[in-house]
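The values are calculated or read from the model by the stated rules, or taken from the named source; none is laboratory data. Just so we're clear, the structure is a prediction, and the values are computed from it rather than from any experiment. For neighbour counting, all protein chains shown are included, and Cβ atoms are generated from backbone atoms with ideal geometry for every residue, glycine included. Heavy atoms of the whole protein, side chains included, go into the accessibility calculation; ligands, DNA and RNA do not. Shrake-Rupley method; radii C 1.70, N 1.55, O 1.52, S 1.80 Å.
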Amino acid sequence: IRWWDHVTPAPKDPINSVTEAFLADPCPYKINLGVGAYRDDEGKPIVLQCVREAQAKIESSNFLESNSTAVSSKLVEESAKLVYGEDSDVIKEGRFAGVPALSGTGACHLFAELQRRLYPNSRIYLPDPTWSNHHNIWRDAHVAKKTFRYYHPDSKGLDFMALMDDVKNAPDGSFFLLHPCAHNPTGVDPSYEQWKEISSLFKVKNHFPFFDMAYQGFASGDLERDARAIRIFLEDGHLIGCAQSFAKNMGLYGHRVGCLSVLCDDKTQAVAIKSQLQQIARTMYGSPPIHGILLVSKILSDPDIKATWLKEVKVMATRVQRMRAALRDSLEKLGSSLDWQHITNQVGMFCFSGLTPDEVDRLAKEFHIYMTYDGRISMAGVTTKNVDYLANAIHEVTA
Ligand code: PLP
């Protein structure tokens, strides 16, 4: 028997395709604006100082130890403080189910599986647009999907009215995925007042908010400030779910460290939910690799190392903000007749530029500049050295 003859290749991931095209281009001044991982002003990935310090401190840990329960609990507890607040009652009362996850992707996947098990007829509402993998994750978990309106192409900002309409018109008690800060791909976040209104409407509608927080710290440079949307929902008494990733804000992409937490009414519920999540994880990968968990736990629990980390997050976020200002400034100096305010209005790692697929194509073919076809620019790929070249190329293809 020829077992695999009926199989055709799966469609390529849009971001991996950009990386492939970039790598195949021999041009020495090519620019990769595809991948959403931090790069320094030389365009290089960096190992944060906090990671080096944590690594030195965990050197003596026994990685071969098979029981990872204690280190996992530490990770969960410390991660939860970032979401719910250092002195949160949620943590004191043990009112949440938290498990380590294989980065943000794994955390979303665990939640999608949990949703299917516990609410088999439910749907997930995803923002339009969103990180493309959200669609794949909930599809593979066999949860029905719908989108809700989010982005306004004219203003290149939030379509708040449409968002509220869609939240209102969804059946009561629906699951919604929200990006609490630094929305991917648009860089568009609701304001504090808008989050308050969203939270109130969720309360009226009894919706369940699931927050996917892959970029805490990248919107404002301050982790607490970036959690403020979540804190509003907590104050309003919602039960929430939250996926966290340390891939970007600790530069630990390859270690796949994340956390999923689900808020419950009481400890009894929390114990039940946690055991369900552990069972799902157990069938997929048993338990997570321990090295990255030890690193992150050390960074979060050692006050000196944590202070270093918070400073480094600020440095990364500030560099990205500076590049936004520089790109907009450069385009304006070139005399572009288009409005580029959205470059600095949007926040986080991405700029949803408004470039059309044809323009993106020209940038790659004529200027060796690579980004996804939706016109998303990873601002982390922009540096002092390449920003004027980039602005010039954008000006050429949009003039
Ligand atoms: N969620 C969002 C919104 C993202 O943009 C990403 C990464 O691009 C992820 C989750 C997953 O990140 P990771 O699995 O690398 O932590």
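Before moving on, here are some points about what is shown:
- Hey, Val76 under 30 Å from Asp374 (Cβ atoms), open to solvent by less than 70 Å² (accessible area, probe 1.4 Å) and touching a Cys at 6+ places or on another chain (Cβ under 7 Å) or not: no
- Complete set of residues in the stretch 312-346 that are in contact with a Leu (Cβ under 9 Å, 6 or more places away or on another chain) and closer than 20 Å to His183 by Cβ: Val313, Met316, Leu327, Trp340, Ile343, Thr344
- Helices (runs of 4 or more DSSP H) wholly inside the stretch 79-172 containing at least 2 residues that are in contact (Cβ under 8 Å) with a residue 12 or more places away in the chain and either surrounded by fewer than 18 Cβ atoms within 10 Å (Cβ to Cβ) or within 12 Å of the ligand (Cβ to nearest atom) (or both): 103-118, 132-140, 160-169
- Within the stretch 316-325, the set of residues being over 17 Å from Ala247 (Cβ atoms) and in contact (Cβ under 8 Å) with a residue 40 or more places away in the chain comprises Thr318, Arg319, Gln321, Met323, Arg324.
- Qualifying positions in the stretch 1-43 - under 21 Å from Met250 (Cβ atoms) and hydrophobic (A, V, I, L, M, F, W, C): Ile15, Val35, Ala37
- Contacts under 7 angstrom Cβ, first residue in the stretch 257-282 being closer than 30 Å to Val51 by Cα, partner in a loop (DSSP other than H, G, I, E, B) and open to solvent by less than 30 Å² (accessible area, probe 1.4 Å), 6 or more apart: Val257/Phe246; Gly258/Phe246; Leu263/Ile240
- The numbered conditions (1) within 11 Å of the ligand (Cβ to nearest atom); (2) at pLDDT 95 or above are all true for Asp189 except (1).
- Looking only at residues in the stretch 336-345 that are surrounded by fewer than 19 Cβ atoms within 10 Å (Cβ to Cβ) and touching a helix residue (DSSP H, G or I) at 6+ places or on another chain (Cβ under 8 Å), the one that is farthest from Glu86 (Cα to Cα) is Ser336.
- Count - residues of the stretch 173-219 that are under 30 Å from Val315 (Cα atoms) and in a helix (DSSP H, G or I): 5
- Candidates Leu158, Leu126, Leu118 - the one that is touching a helix residue (DSSP H, G or I) at 6+ places or on another chain (Cβ under 6 Å) and aliphatic (A, V, I, L, M): Leu126
- Taking the stretch 234-251 as the range and being more than 11 Å from the ligand (Cβ to nearest atom) and touching a residue at least 60 places away in the same chain (Cβ under 8 Å) as the test, the residues that pass are Leu234, Gly241, Cys242, Gly251.
- Flag set for Ala54, criterion: in a helix (DSSP H, G or I), at pLDDT 95 or above and either of a type in the set (Gly, Ala, Ser) or open to solvent by less than 40 Å² (accessible area, probe 1.4 Å) (or both).
- Number of residues in the stretch 262-274 that are assigned to a helix (DSSP H, G or I) and open to solvent by 60 Å² or more (accessible area, probe 1.4 Å): the value is 5.
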